[in-house]
Amino acid sequence: MNKKALHTLEFDKIIDRLTGYAGSDKGREYCEKLCPISDIEKIKQRQKETGDALARIIRDGSVSFYGCNDPGFYLKRTSAGGSLSMAELLKISYLLKAAGRVRKYGTDTKEERRDTLSGYFDSLVPLTPLADEITRCILSEDEMADDASPGLKNARRKIGLLNEKIRSVMNSMLSNASVRDHLQEAVITVRQGRYCFPVRSEFKSQFPGMVHDQSGSGATLFIEPAAVVEINNELREAELAEMAEQEKVLASLSAEVSVNEEDIRNDFYTLSELDFIFAKGMMASDMNGMEPVLNVDGRINLRKARHPLLDPKKVVPIDVILGDEYDQLIITGPNTGGKTVSLKTVGLLTVMAQAGLHIPAGDRSELAVFNDVYADIGDEQSIEQSLSTFSSHMTNIVYIMGQVDSPQKANRQALVLFDELCAGTDPSEGAALATAILSKLHRDGIRTMATTHYPELKVYALSTDGVENASCEFSLETLSPTYRLLIGIPGKSNAFAISGKLGLPQELIDDASSRMEEGDRSFEDLISDLEEKRLSMEEDRETIRREKQAIEDLKKQTAEAGDAVSRKKDDIIKKANLEAAQILKEAKEKADEVIRNFNKYGNGHPDMAKLEKERMAIGDAMREHAKRGAVQADDPNRKKTDPKKLKIGDDVMVLSMNLKGTVHTLPDDRGNFEVMMGIMRSKVNIKDVALIEESKPSFSKGKNKRKVTATGSYNKSATMSPELMLLGMNSDEAIQALDKYLDDAVLAHLETVRIVHGKGTGVLRKAVHDYLRRQKRVSSFHLGEFGEGDSGVTIVEL
């Protein structure tokens, strides 16, 4: 792709921005060399890599590529048998640590999360033992750890001891007054790696030792005392031994680097490639970019596209369609209205996409893959080449026409962008030239966008199939551009309106308007009329959109209100159930009290009037509760009770009270009849009851007696079984059945009953006994004797 067009479209500024996201020198080098390509499969691969990097950044955050240094020079030396310095070995360790860090970031055990970058991460070899060994032995670029090797540790220990010995001897010499008199200062100094005293030059002959240096004035000599010369020699030998040990350590580590040379080089190039890819991902994240849909059919459909170099808070998104119903777009409108920006946006997003970069546009934006992009944009006047603006532009146009008409361009897949085509010369000649150039490109099927002020080109677009007008919107109210691109509508230059706004007298504007040909004025008036109608239609469309939105909001509010009603209904039902449970509890307590009164008066003379009064009070209370709120919704699946089939003694469920009872009288003409519920008798309607099918009796082995099962029988007759089976129930179910059974047993005047709970783990037996101990109606209870069921049965005396 020609570099002139890339520079014109400011692709180099995109590259500069991309380079700023890379963290390594090699990654930045890859960014700087990035160019658009025309192989659609390779472009899709690059786009997918950018998209996967963006997805990882959004999901896991960014990753640092610090330490990704080029090891090529170091590896050449180690492969030749040389040793690396401490600084060079540290750079190798930084590279390996970066490989480990990036591999950990990119490795995911979930198979569904693998993407185009997984292979890069998998190929990284961190060589963690080697990296750890380097950082263990080398503390900084000029310091090696004492325990890098046993020999080094011993050498440094010896150096420390010798230093202490020398200082001890020299400090003892300083304590001698005669020695101090010979010194310029009572200090110990080092010259050429030897410990010395600063001795006055006049006392040189009186101070035995070796002279290593003197001051600039010559008044001071730095003399190594004879007493420490031998110790200093030993110290020097120990320091040489230390250096030798350090060289051994460096040689050993360098040999390890040489052994792993291939993995280290692979890590470097893989990290650099990932750095480059993640730079693309981070730029896409910052500019809110997306992966465009690519095609080779020359089809462009940009939705809400933004120029990536303009302030995203100020730039106005544009929609551009080209290559489907028409292959040329002629853009007209006032200066500074956004025509050139629209051209550059289409061209720049095209080359960005073909370079594998995401573009700042809306979802489902589509771009064609072109073999080349040509652009003639801006003022190309050249003083050095003695070219006028027109000549310079025409030179570019000649080059472009020669390229797209070249035999080598067999498929002619090119995008051509013209800014102010053939401007800068006689308007009539310029318009004719522009029309001829556009016609040639149109016949060749070249995708073309051109901006112009020539009205002849507006007519050309209106009268030619496959060519479409477009304009940059201009507000007549504010007399300023809105920067919106409108396809299908030719634009006005609005020169008269802008001139008037800038202060040109109205009489001059009127005079200029009268000098226009009638046809031109009619054409401009037609465009103005179309613009007014378009604005009116857009206002109507916006009004309809707002009304539709209001309807949607109202529907949403209605649905939410319905949900609130449903929740309120559930709360009411829940509250009613709780109240019903409380009513039943009170009724049961009242019934227990009545039973106790029956037992109390069983052998005496009860006050029948008092008992009848209590019975009527209970009935009245139940009817009052039923009347207030115990409303049972009709169940559409429930079978209605037939009054003719109802018989005295039938078991029924009173729905409004949620109680079971026995039919006491037959229904009258209105369907009202009396039901006995325990000791209470109440009048109900046939619509408020449901007939209960009587469960089949079960018989114990060897006995012809009916037993009460978990579902129970609602008949309180004297044929009630003296035995309750609780086998297979949990504790809660058993206690509920036992409580009901004891009520029935008391009403049936049974004196002794058998509770069959089984042996098992003893949990059910314990629960039964705990319950019986709390019951006043129970006189006593004990486990069954031999032949009565042993510990699996409890005998209860009522």
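Taking all protein chains as shown and a probe of 1.4 angstrom, ARG77 keeps an accessible surface of around 70 Å².
THR464 contributes an accessible area of around 30 Å² to the protein surface, as traced by a 1.4 Å probe with all chains present.
A straight line joining the Cα centroids of region 187-224 and region 308-381 runs 81 Å.
With all protein chains in place and ligands, DNA and RNA left out, the 1.4 Å accessible area ranks LEU798, LEU54 as LEU798, LEU54, largest first. Computed packing ranks the peptides 164-175, 745-756 as 745-756, 164-175, most packed first, by mean other Cβ atoms within 10 Å. Solvent-accessible area per residue in region 722-772 equals 47 Å², computed with a 1.4 angstrom probe and all protein chains kept.
Over 18 Å between Cα atoms, which of LYS280/LYS339; LYS304/LYS344; LYS4/LYS26; LYS344/LYS440 qualify? Checking Cα-Cα distances, LYS280/LYS339; LYS4/LYS26; LYS344/LYS440 exceed 18 Å. A 1.4 Å probe, protein heavy atoms only, puts the accessible area of MET537 near 120 Å².
Bridging of LYS555 to aspartates and glutamates at a Cα separation below 14 Å is possible for GLU547, ASP563, once same-chain residues fewer than 8 apart are set aside. Sorting 435-444, 549-558 by average packing, meaning the other beta carbons within 10 Å per residue, from highest down gives 435-444, 549-558. Taking a ≥ b ≥ c as the square roots of the eigenvalues of the Cα gyration tensor of region 257-317, is the shape rounded (a/c under 1.5), prolate (a/b larger than b/c) or oblate? Cα axes put region 257-317 in the oblate bin.
Take region 252-347 with all the other protein chains still there, run a 1.4 Å probe, and you get 39 Å² of accessible area per residue. Ordered by solvent-accessible area of protein heavy atoms (1.4 Å probe), largest first, the residues MET86, MET677 come out as MET86, MET677. Largest first, the residues GLU723, GLU420 sort by 1.4 Å accessible area into GLU420, GLU723.
The values are calculated or read from the model by the stated rules, or taken from the named source; none is laboratory data. Everything quoted here is computed from the prediction, not taken from an experiment. With ideal geometry, Cβ positions are generated from the backbone for all residues, glycine too; neighbour counts draw on all protein chains shown. Remember, those area values only see protein heavy atoms, side chains included, never the ligands or the DNA or RNA. Shrake-Rupley method; radii C 1.70, N 1.55, O 1.52, S 1.80 Å.
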